[in-house]
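The values are calculated or read from the model by the stated rules, or taken from the named source; none is laboratory data. Predicted model, so just to flag it, every value in this text is computed and none were measured. Positions of Cβ are backbone-derived with ideal geometry, glycine not excepted, and every protein chain shown enters the neighbour counts.
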Amino acid sequence: MERISAEAFEDIYSEYSDRIYGYIFLLVNDKEVAEDLTQDTFIKAYKYMSQFNGESQIFTWLVRISRNVAIDYLRKKNRFKFFSIEKFQLQSDEETPTEIMIKGEKVTLLYEAIRHLKLSYQEVLILRKIKEFSIKETAEILNWNENKVKITTSRALAALKKELQKRGEIHEELIRIR
Amino acid sequence: MKSSFGFDNSFRELDRIPRSQKQKQDSLQKIWSGIEDRPKRKKNIFPKFLSAAAVMAACIMFAFIIFSEDSTTGGSSSADMLGDSFISQTAIALSETENSFSADGTYSAETATVKDEKWESTARTAINSAMPAEAVIDSKPLYDIQFIMKGKESVKVKVWNERGEVYFKSMDSEIMYAVPSEEGAIFIEYLEAIAHSIQKTP
């Protein structure tokens, strides 16, 4: 496959980099780090563009790269080369960034509750509920099977509801599942 | 999918994380800096059979330039390094040794990334006004600077402050340049301030 032209690459960057940045930001909880990892994502995307076979949407492919980049960062940050993603949780002293706070109390509450879930739950909620990827796309990004995506999403939502209730800041009408 | 207990709008809100255009454009510049073998934007306007001739002509021309530089080292101009090229940003780090280079342009606690018009103007003036020097320098280099430029190979220099006189040398040349006192003083003042901020970073 021929190397992508500078113009085509910049078009892709212009179209998708904001959403990639937003996705990474939700995983790493830091503006500067999210920007750095967005750069890493697009450098990798450029280098491996010939491996993009067009079977998935390019955005799904970019999110998959950015997910790997962000997980690598989280592993290094926590100094455990092979920490268990299943058990990884937000450090209790991490502050909620201004970018989230300005969205209001309810969004902040939801964000903080998600950040207190284990990483696999965070990931599936970010992809399915925030980024609104399909089950198939989510499975592709996380390298899971579709059944695992369905089960984990269901468990993640239950854990989120419990976390919100535990925080005692949620109104009765908000926890009513239709 | 199941309802999200009244948080659907909040989930959507989290999909929109603010990011400025400047942040976006700066990142694009850094991405291109990170991609060493970036494609050329200009179309190849020469037919293929002319390419070989062009390469030969370029070889002869470069050979001429190299030989004439060798014989007239004293005439080398530091102004060729930056010229009027647009500096997209500068990476600055404390120098470790004379042969290594620390300001590789990546984000780290040891490297400051500067994008500031006044700094760029000061640095350009200092570099462009310098003259080749025969001075023997005893001290160790203090700063490594990488000027990342638009459409041009980045320029890497090491800077010395030898008893109040400022000298620098490009990483790909052995020629030492001396910066005039006034320009050198402002240049080194900037570098000291930046170095101070690097050392303060935990």
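Miscellaneous remarks
- Among the residues of region B:24-38, those that are within 7 Å of chain A (Cβ to nearest Cβ) and at pLDDT below 90 comprise B:GLY34, B:ILE35, B:ARG38.
- Residue identified as modelled with pLDDT of 85 or more, touching a strand residue (DSSP E or B) at 6+ places or on another chain (Cβ under 9 Å), surrounded by 18 or more Cβ atoms within 10 Å (Cβ to Cβ) and among the basic types (Lys, Arg) among B:LYS140, B:LYS156: B:LYS156
- Residue within region B:121-140 that is closer than 25 Å to A:ASP40 by Cβ and hydrophobic (A, V, I, L, M, F, W, C) present: no
Residue by residue, here is whether (1) part of a helix (DSSP H, G or I); (2) among the hydrophobic types (A, V, I, L, M, F, W, C) holds:
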{"site": "B:ARG124", "(1), (2)": "yes, no"}
{"site": "B:ASN128", "(1), (2)": "yes, no"}
{"site": "B:ILE137", "(1), (2)": "no, yes"}
{"site": "B:GLN146", "(1), (2)": "no, no"}
{"site": "B:GLU153", "(1), (2)": "no, no"}
{"site": "B:PHE168", "(1), (2)": "no, yes"}
{"site": "B:GLU182", "(1), (2)": "yes, no"}
{"site": "B:ILE186", "(1), (2)": "yes, yes"}
